[in-house]
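Reading through the structure tokens given below for one structure.
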Amino acid sequence: MRVLGIETSCDETSAAIIDGEANTAAVRSLVILSQDVHRVFGGVVPEIASRAHLTAVVPVVERALADAGVARESLDAIAVTNAPGLVGALLVGLSFAKALAWMQGIPMIGVHHMEGHLFATALEHPNAQPPFTALLVSGGHTMLLDVAEWGRYRLLGATRDDAAGEAFDKVAKLLGLPYPGGPHIERLAAHADPHAGGSRYRFTRPMVRSDQRPGDPDYYDFSFSGLKTAVLNAVRASANTDADRAAIARAFQDAVIDSLVEKTARAAHAYERTRIVLGGGVACNHALVAAMGERLAPLGATVYAPSVRLATDNAAMIARAGLFHVQRGERSDLDLDAFASAP
Ligand code: KG4
Ligand code: ZN
């Protein structure tokens, strides 16, 4: 089965062709056009994103078809993100997918963006299959899930305020770093010597207490906005921000990672999972992946993280999730709508 995936939920216009059957599906092409224009605003401007998708969607899909050497007549289905995301941005990809599916007389399936992130890692790691514990950490979401099988997802915990990636971006702004901030914080933190200036800063691990028990409402949840305020206070109190920047970035990153790793370990332990699947842009963070491995390996679990290309928003993961649903016989109608949020 050959599926065209389309993703326009935020600031990446992406199209991909995947080929094959469920667990052996291979990425034939993947085109990701990132909208640079938002950098000058320090965040994504929805209306500008929609207009940029409108300009890009046709050439991006055509390039994905050309790269794969595939004619649109030979597509079997189209998978498109229809939630959650910026509604105006989603509508561009969704409307395009509907028109193309109607024209070719092939099925179209709407995909939940976060389910796409769950499938991304399996495209590169054949063993990243359920059952597993999943941690999805992106600019908009922080979700801890137990995945018993594809299509059956139990949401164990989520952020109560800022998403992990959002916290990286906001703290980067406080430290005078460009948007998106995650990679810049990671680079800066790597230069902080924890035994010299680095140890002068230590932030409380948000929502992590040793007396929490399964069943407690905060056992699996996350919170990053208090940590952001702690960083703000540290920056204000610093006599020399330039000199302290790396140490603060390191202390912030350490606190985020500890919180993510602790909750993931709790979930893996409670559900007796031996596979941990990471997804979303923050899963690009090498320190996070390393810390997760160090913590989970002694418990007999293997950690699977996607490459940068598949961790951040891309259409290959949408095509892969769509393939799963289409092979189960599911179809979306042409009146499918776009939604800013979805359960
Ligand atoms: O999944 P993604 O591409 O888009 C959303 O769906 O939100 O995630 C983007 C987020 C941004 O907040 C960015 O700062 C963060 O992922 N990010 C990172 C790193 N690379 C990207 N955060 C921490 N460390 C990184 N290396
Ligand atoms: Zn995403």
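Annotations
- Segment 251-317: relative contact order in percent, alpha carbon pairs under 8 Å with at least 6 residues between: 35
- Ranked by the mean number of other Cβ atoms within 10 Å of their residues, highest first, the peptides 325-335, 220-230 come out as 220-230, 325-335.
- Reachable aspartates and glutamates, given that their alpha-carbon falls under 12 Å from the alpha-carbon of Lys170 and they are not under 8 places away in the same chain: Asp162
- Segments 285-293, 306-314 sorted - mean Cβ within 10 Å per residue, highest first: 306-314, 285-293
- For the chain, the 222 nm mean residue ellipticity estimated from helices alone, with every DSSP H stretch of n ≥ 4 adding -39500 (n - 2.57) and the total spread over all residues, rounds to -13500 deg cm²/dmol.
- The mean sequence distance of close C-alpha pairs (under 8 Å, at least 6 residues apart), as a share of the length of the chain, puts its relative contact order at 25 percent.
- Around the amide H of Glu330, modelled in the peptide plane, lies no amide H under 5 Å away from a residue 5 or more places distant or on another chain.
- Burial ranking of peptide ranges 275-281, 124-130 (average Cβ count within 10 Å, highest at the top): 275-281, 124-130
- 0 to 90° range, to nearest 10: angle between helix 46-68 axis and the chain longest Cα axis: 60
- For segment 227-274 versus segment 134-196, the spacing of their alpha-carbon centroids is 10 Å.
- Cα gyration tensor category, rounded, prolate or oblate, for segment 32-173 with a/c compared to 1.5: oblate
- Relative to the longest principal axis of the Cα atoms of the chain, the long axis of helix 164-174 lies at roughly 60 degrees.
- Using only side-chain charges placed at the Cβ, +1 for Lys and Arg and -1 for Asp and Glu, the dipole size of segment 131-305 relative to its Cα centre rounds to 80 debye.
- Put the Cα centre of segment 11-25 next to the Cα centre of segment 282-322 and the gap is 18 Å.
- Normalised by the number of residues in segment 131-305, the average gap of Cα pairs under 8 Å and 6 or more apart makes the relative contact order 29 percent.
- Of all lysines in the structure, those lying under 18 Å Cα to Cα from Lys173, and not within fewer than 8 positions of it along the same chain, are Lys228.
- Cα long-axis angle, helix 241-271 against the chain (0 to 90 degrees, to the nearest 10): 60
- Carbon/sulfur fraction of accessible area - segment 131-305, other protein chains in place, 1.4 Å, %: 51
The values are calculated or read from the model by the stated rules, or taken from the named source; none is laboratory data. Since this is a predicted model, take the numbers as computed values, not measurements. Counting neighbours? That spans all protein chains shown, and the Cβs are built from the backbone with ideal geometry, glycine included. Keep in mind that these areas ignore ligands, DNA and RNA; they rest on the heavy atoms of the full protein, side chains included. Shrake-Rupley method; radii C 1.70, N 1.55, O 1.52, S 1.80 Å.
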